1. Suppose the filter is assigned by TED's automatic domain parsing to the domain that holds Lys198, in contact (Cβ under 8 Å) with a residue 40 or more places away in the chain, within 16 Å of the ligand (Cβ to nearest atom) and of a type in the set (Phe, Trp, Tyr); does Phe84 pass it?
2. Report, by residue number, each residue of region 293-319 that is small (Gly, Ala, Ser), surrounded by fewer than 19 Cβ atoms within 10 Å (Cβ to Cβ) and at pLDDT below 95.
3. Please tell me if Ile220 is within 16 Å of the ligand (Cβ to nearest atom) and within 18 Å of Thr61 (Cα to Cα).
4. Is it the case that region 198-208 has a residue that's away from the ligand (no atom under 16 Å from the Cβ), farther than 19 Å from Ser53 by Cβ and either under 15 Å from the mean Cα position of the chain (by Cα) or surrounded by fewer than 20 Cβ atoms within 10 Å (Cβ to Cβ) (or both)?
5. Could you check, for region 53-66, whether at least one of its residues is hydroxyl-bearing (Ser, Thr, Tyr), farther than 13 Å from Arg226 by Cβ and away from the ligand (no atom under 16 Å from the Cβ)?
6. What residue, of Asn73, Asn89, is among the polar types (S, T, N, Q), away from the ligand (no atom under 16 Å from the Cβ), touching a strand residue (DSSP E or B) at 6+ places or on another chain (Cβ under 6 Å) and outside the structural domain of Ala328 (by TED's automatic domain parsing)?
7. Does Glu110 meet the test of being outside any strand (DSSP E or B), assigned by TED's automatic domain parsing to the domain that holds Ala159, away from the ligand (no atom under 16 Å from the Cβ) and under 21 Å from Asn234 (Cα atoms)?
8. Mind listing just one residue for me: the one in region 166-180 that is assigned to a loop (DSSP other than H, G, I, E, B) and over 15 Å from the mean Cα position of the chain (by Cα) and, of those, nearest to the ligand (Cβ to nearest atom)?
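The values are calculated or read from the model by the stated rules, or taken from the named source; none is laboratory data. Predicted, not measured: the structure shown is a model, and the values here were computed from it. Here Cβ is always computed from backbone atoms with ideal geometry, including for glycine, and neighbour counts include all displayed protein chains.
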Amino acid sequence: MIYLDNNATTRIAPAVKAAMLPYLDDEFGNPSSQSAIGARAKEALLRSRLAISDFVKASPTEIVFTSGATESNHAAILGAIEHFSGKRNRIVTTAVEHPATLRLLQSRKEVEVVLLSVDRQGRLDPAQIDAAITTNTALVSVMWANNETGVVFPVEEIARIAKQRGALFHTDAVQAIGRLPLNFRDSSIDLLSFSGHKLHAPKGIGGLLVKKGLMLPPFIIGSQERGRRGGTENVMGIAALGEAIALPSENGEIETLRNLLEELVLSGLSDCTVNGTASPRIGNTSSITFSGIDGEELLMAIEKEGIIASQSAACQSGGRKPSHVLIAMGLQEGEAKATLRFSLSRYNRREEVEEAARIIVSAARRARARNPFA
Ligand code: PLP
């Protein structure tokens, strides 16, 4: 298998697995209990909190562990609404957010949601944010890097605008964390969501950074996480997250391989477009439109030869609906359905990328030969 679907989820790193194992074994204590075994579990939480705070340049008390980014996004968005006690009910966001944000917002009838669009390159103009904020705006929620195209939004600039206008700012940083530099302490971002399983930690663990002094209501009532998120902590997951976040960066190598993949595919095939190339992009993601080809068929054909990629976000695929991200960028439905996402990680090798490109090019040529008038 050549795994090129790392924006959906990643392999657990060996060092991360090793950091988890004691808590699957003898170190099964409850961090809230007074015993020595409990104290050791509590120390594991602290170690992880310190590693994360060091990496994201935040105070350890600004980190709240959650079950993942879907929960973090819920906590940030619902918390911001409650924060203003119903006095502000407008939320400004974008049409290309992850379903974890969009579906939550769609479900809240009391919230006035402003969905900003992007241009053909996936770009968002910060002036659009400024124009959309009113005195009724509780929150601006804009993702940092898009999970389908890798396009990066200027979140710091947007956060500053939100702050000047008296609104809170949240970013879904799932695909950005570890790939783009972050200094939470000096940033105007109030709330930032991240997830372990995109970083070579397991599923079911993530976090929300909450700016010091911002008192949101508890996400889950209980005493853990300083009263913000009740429930016995996922000690094993938290230990994993602390280890994963500190893995040495291989972003440069990954970007070189992503660029190689694009070069090989584009030089082997006519009528292919990489989406978002005129925008800043994270270095591991490539969204390629293969004109005239049914993306689902191509995806299945390459999987038969061992290449794992995807058509859009993992939780959306499986349906025949075209990607909302690509549609928001102005692609036609047929173009969106002809698009595949390839996302790389530290575990991809040059030979794998060369082999994957060869398989993708020949599968796409076969598909076009079968249907030359598409
Ligand atoms: N936000 C983005 C941008 C994502 O890519 C994902 C994962 O697919 C999520 C949120 C949801 O994260 P989790 O699986 O941790 O709930």
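1. Against the criterion (assigned by TED's automatic domain parsing to the domain that holds Lys198, in contact (Cβ under 8 Å) with a residue 40 or more places away in the chain, within 16 Å of the ligand (Cβ to nearest atom) and of a type in the set (Phe, Trp, Tyr)), Phe84 does not qualify.
2. Of the residues in region 293-319, the ones small (Gly, Ala, Ser) are 295, 301, 306, 309-310, 312-314, 317-319.
Applying the additional criterion that residues be surrounded by fewer than 19 Cβ atoms within 10 Å (Cβ to Cβ) yields 306, 314, 317-319.
The answer is Ala314, Ser317, Gly318, Gly319.
3. Details: within 16 Å of the ligand (Cβ to nearest atom): yes; within 18 Å of Thr61 (Cα to Cα): yes.
Taking the combined requirement at face value, the residue satisfies it.
4. Let us first name the residues in region 198-208 that are away from the ligand (no atom under 16 Å from the Cβ), namely none.
Scanning region 198-208 turns up no residue that is away from the ligand (no atom under 16 Å from the Cβ), farther than 19 Å from Ser53 by Cβ and either under 15 Å from the mean Cα position of the chain (by Cα) or surrounded by fewer than 20 Cβ atoms within 10 Å (Cβ to Cβ) (or both).
5. Narrowing region 53-66 to residues hydroxyl-bearing (Ser, Thr, Tyr): 53, 59, 61, 66.
When the remaining residues are screened for being farther than 13 Å from Arg226 by Cβ, the result is 53, 66.
If we keep only those that are away from the ligand (no atom under 16 Å from the Cβ) too, we end up with 53.
Within region 53-66 (the criterion being hydroxyl-bearing (Ser, Thr, Tyr), farther than 13 Å from Arg226 by Cβ and away from the ligand (no atom under 16 Å from the Cβ)), the answer is yes, since at least one residue qualifies.
6. Working: Asn73 fails: away from the ligand (no atom under 16 Å from the Cβ).
None of the others qualify; the one that does is Asn89.
7. Values: outside any strand (DSSP E or B): yes; assigned by TED's automatic domain parsing to the domain that holds Ala159: yes; away from the ligand (no atom under 16 Å from the Cβ): yes; under 21 Å from Asn234 (Cα atoms): no.
Against the criterion (outside any strand (DSSP E or B), assigned by TED's automatic domain parsing to the domain that holds Ala159, away from the ligand (no atom under 16 Å from the Cβ) and under 21 Å from Asn234 (Cα atoms)), Glu110 does not qualify.
8. Keep residues of region 166-180 that are assigned to a loop (DSSP other than H, G, I, E, B), which gives 166-167, 173-176, 178-179.
Imposing the further condition that a residue be over 15 Å from the mean Cα position of the chain (by Cα) reduces the set to 166-167.
Details: Gly166: 26, Ala167: 21 Å.
So the residue we want is Ala167.
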